[in-house]
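Heads up: the structure comes next, in structure tokens.
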Amino acid sequence: MGRLKFATVWLGGCSGCHMSFLDLDEFLFDLAARADVVYSPVGSDIKEYPEGVDVCLIEGAVNNDENLEAAKTVRDRTRLVVSFGDCAVSGNVTALRNTIPDGARMVASRSYLEQADLNPMIPQAEGIVPTLLPLALPVHAVIPVDVYIPGCPPPADRIKAVVQQILEHGTAHLEGRQLKMG
Amino acid sequence: MAVKTLTIDGTLLSAREEQTVLQAARDAGIAIPTLCQLDGLSTVGACRMCLVDIEGTGRLLPACTTRVAEGMVIHTKTERLQSYRRMIVELLFAERNHICAVCVANGACELQDLAIEVGMDHVRFDYLHPECSVDISHKRFGLDHNRCVLCTRCVRACDEVEGAHTWDVAGRGTAARVITDMAQPWGTSETCTSCGKCVQACPTGALFIKGMTVAESRKDRSEIGFLVTAREKKQWVV
């Protein structure tokens, strides 16, 4: 296999999974020796998700229409899609709002109207500010997912185990305590 | 004391006739996953985690409520059973709001451990996201319905060991909830003795000691079994 075209994307999550990815420390050098980071909020400055990606780690739940489009683009252009962390795998904290009736409107109202100190208003700008979906969804609810990495965030050794399996076998599957959520 | 001879997962073993398939398996070192079962309490076969395949019965039976019988041939780890067990755990996760990352029981939760044991890397069913209340009206303890799996271990511990019967279950299906007294705030219960046995018996973060935050709950779930053994056999064995 040639150099791996490697990507990560950040949807409705806190970036904790990406921080844990950076905790790979010196393994990042090993990864850099065998992979090109073609798209990532922490590993490249490329704005457009490219074609022909081998592996993509998706952090976060599908929370708004921009997330939904991004997930579909990733699926279309990527061989192996990895749900990266509890929000991608289960919805997790991002999906807490799903328990509230009319949650999308309620959380926006709580954040931008009730809690605002100055200029209370719901941010709205067509084509710029994404619209919240009625429910925050796990990634596999909107696109087929190949590999799952639970954890909030997944510890670095768990991410390393998956990346190493992908480098060696082209795919990955976690077992035992490596599946612990939370 | 009559002895029955049976086969579990290809191992020929003997058990006392009053034993259940679960007890016989455990005595032989064969692990069968459980959730609603707790040593010291009666068995109800509610969670279906311990379903086993007994040749000739034509259906799956819970090991915790099935007595041993002469000549039984039992399989506990068939592919079908393992796929059902994973499905059961996934349905439990889908039915309430089990957010391990922000749960008091993270790291010491039987549901979380079961998910690991059955290899649950994600939930294939749609989450129901029910609106669940949290009752912190009791002085020492809290009840979070988001985390409840309706195992009824609290109900049985309170009724059978403490003798108070503060807990019960109201409602049906996905609307079922554990309740205290006449479905009133726990803190106003006149029967609760505040002994905390329900909290120790609870497998998840549904019942917790107030003041603890994420991943701080560490329960002694063997306490119930210890008390019952001490009471019935006069043996104080830890």
Once you wrap a convex hull around the alpha carbon atoms of segment A:1-142, what is its projected area averaged over all directions, in nm²?
-> 9.8 nm²
How far is the Cα center of segment B:111-148 from the Cα center of segment A:58-132, in Å?
-> 23 Å
If one compares the long axis through the Cα atoms of helix A:156-169 with the longest principal axis of the Cα atoms of chain A, the angle in degrees, nearest 10, works out at 50 degrees
Given +1 on the Cβ of Lys and Arg, -1 on the Cβ of Asp and Glu, and no further charges, what dipole in debye does segment B:121-238 carry about its Cα centre, rounded to the nearest 20?
-> 360 debye
Which value results when the Cα radius of gyration for segment B:69-176 is divided by 2.2 N^0.38 Å?
-> 1.28
May I ask for the angle, rounded to the nearest 10°, between helix B:223-233 and the longest principal axis of chain B, with both axes built from Cα atoms and the value confined to 0 to 90°?
-> 60 degrees
Other chains' Cβ within 10 Å of B:123-130 residues: what's the mean?
-> 4
Arranged from highest to lowest average of other beta-carbon atoms within 10 Å per residue, in what order do the peptides A:158-164, B:212-218 appear?
-> A:158-164, B:212-218
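Would you kindly give the portion of the calculated P(r) for chain B that falls above 26 Å, as a percent of all Cα pairs?
42 percent
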Report ³J(HN,Hα) in whole Hz for each residue of segment B:102-117, in order, from the Karplus equation J = 6.51 cos²θ - 1.76 cosθ + 1.60 where θ = phi - 60°; Gly and Pro get x.
-> 10, 9, 4, 9, 3, x, 9, 10, 5, 5, 4, 5, 5, 4, 5, 4
Nearest 20 debye, what's the magnitude of the dipole of the protein assembly as shown about its Cα centre given +1 on Lys and Arg Cβ and -1 on Asp and Glu Cβ?
-> 980 debye
Mind listing the long-range amide H neighbours of B:Leu51? Cut-off is under 5 Å, sequence gap 5 or more, other chains count too, H placed in the peptide plane at 1.01 Å from N.
-> B:Ala63
Taking every residue of B:100-113, the Cβ atoms of other protein chains inside 10 Å of its Cβ average out to 3
Kindly write out, for segment A:145-155 in residue order, the coupling ³J(HN,Hα) from the Karplus curve 6.51 cos²θ - 1.76 cosθ + 1.60 (θ = phi - 60°), rounded to whole Hz, with x marking Gly and Pro.
-> 10, 9, 9, 10, 10, x, x, 9, x, x, x
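Using only C-alpha atoms and all pairs of different ones, pull out the Kirkwood radius for segment A:113-157 in Å with one decimal. Write down the numbers at each step before the final one.
Numbers: mean 1/r = 0.0679 Å⁻¹.
Answer for segment A:113-157: a Kirkwood hydrodynamic radius of 14.7 Å.
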Looking at this model, which pairs from B:Lys139/B:Lys233; A:Lys180/B:Lys139; B:Lys4/B:Lys234; B:Lys139/B:Lys234 are more than 29 angstrom apart at the alpha-carbon?
-> B:Lys139/B:Lys233; A:Lys180/B:Lys139; B:Lys139/B:Lys234
Take every Cα-Cα pair in the protein assembly as shown and report what % of them are more than 30 Å apart.
-> 52 percent
Long-range amide H partners of B:Leu207 with built H, under 5 Å = B:Asp144
With a 10 Å radius around each residue's Cβ, average the other Cβ atoms per peptide and rank A:8-17, B:113-122, A:35-44, highest first.
-> A:8-17, B:113-122, A:35-44
What average number of partner chain Cβ atoms lie no more than 10 Å from the Cβ of the residues making up A:133-140?
-> 2
From phi via Karplus (6.51, -1.76, 1.60), per-residue ³J(HN,Hα) for segment B:163-180 in Hz, x at Gly/Pro | x, 9, 6, 6, 8, 7, 10, 10, x, 10, x, 6, 8, 5, 9, 6, 10, 10
Order these peptides, B:202-210, B:157-165, by their mean beta-carbon neighbour count within 10 angstrom, highest first.
-> B:202-210, B:157-165
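Since every read-out is calculated from the coordinates, none of them should be taken as a lab result. This structure is a prediction, so every number in the text was calculated from the model and none was measured. Note: ideal-geometry Cβ built from the backbone for every residue, glycine included; neighbour counts use all protein chains shown.
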